[in-house]
Amino acid sequence: MKATQLFTAPNQLTLLRMLFVPFIVIYLVQEHYGWALILFVLAGLSDGLDGLLARKLHQQTLLGQYLDPIADKLLLSTMFLVLSILHMIPWKYTVLVFSRDISILAISAVLYMIAGLRDFRPSIFGKANTFAQVAAVFFVLLVAVDHGPWIVIARKFFLRATFFFTIISAVHYIFLVQHRLREHNQLAAAPPVRRAS
């Protein structure tokens, strides 16, 4: 992996998103919910922008493929944990989110070490789960700024959506990994193709 991959625009944005995390936590602890919300929105925008730049500038790198989901998990996991500590998100949601992520990380690490499997692209349910988590955190923060009735309803809806998609995406991930592992084993067991001399 070349060190220059770190200095591409998309990867710099991803690193910036990671740097936002401690400042969001500081603002939350100090009860400056408006500033925490603004930084969280900027972090979300940087997530979409880094992927767009990677495609437009043809700067898709191996480092970026690993760095981007790490930044997402760092941001969302930290938000759920801190917001639960501050009694703004019920613990059951945070425990479920952490249980899913730790299980997926452990399974991925084991499969990589044992079978060399590297294909861990998120499924459609995984993407839906990430969207639900982002929306849940957004509306939890927005409720702290504005107690409008529709905001309270949206907060409850996306927290329940997070609960639903966390379970569904975890179950689907197990089946998806089994399918990819079978494909991987079939390719590994296939005889090499001989070239005509």
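Throughout, read-outs are computed from the coordinates displayed, never taken from laboratory work. Quick caveat: nothing in here was measured; it's all calculated off a predicted structure. Here the Cβ is made from the backbone with ideal geometry for all residues, glycine too, and neighbour counts use every protein chain on show.
Taking the Cα-to-Cβ direction at F157 and at L15 and moving 7 Å from each Cα, how far apart do the two end points lie in nm?
3.9
Where Lys and Arg each count +1 and Asp and Glu each count -1, what net charge lies around R100 among other residues with Cβ under 15 Å from its Cβ?
With Lys, Arg at +1 and Asp, Glu at -1, the net is +1.
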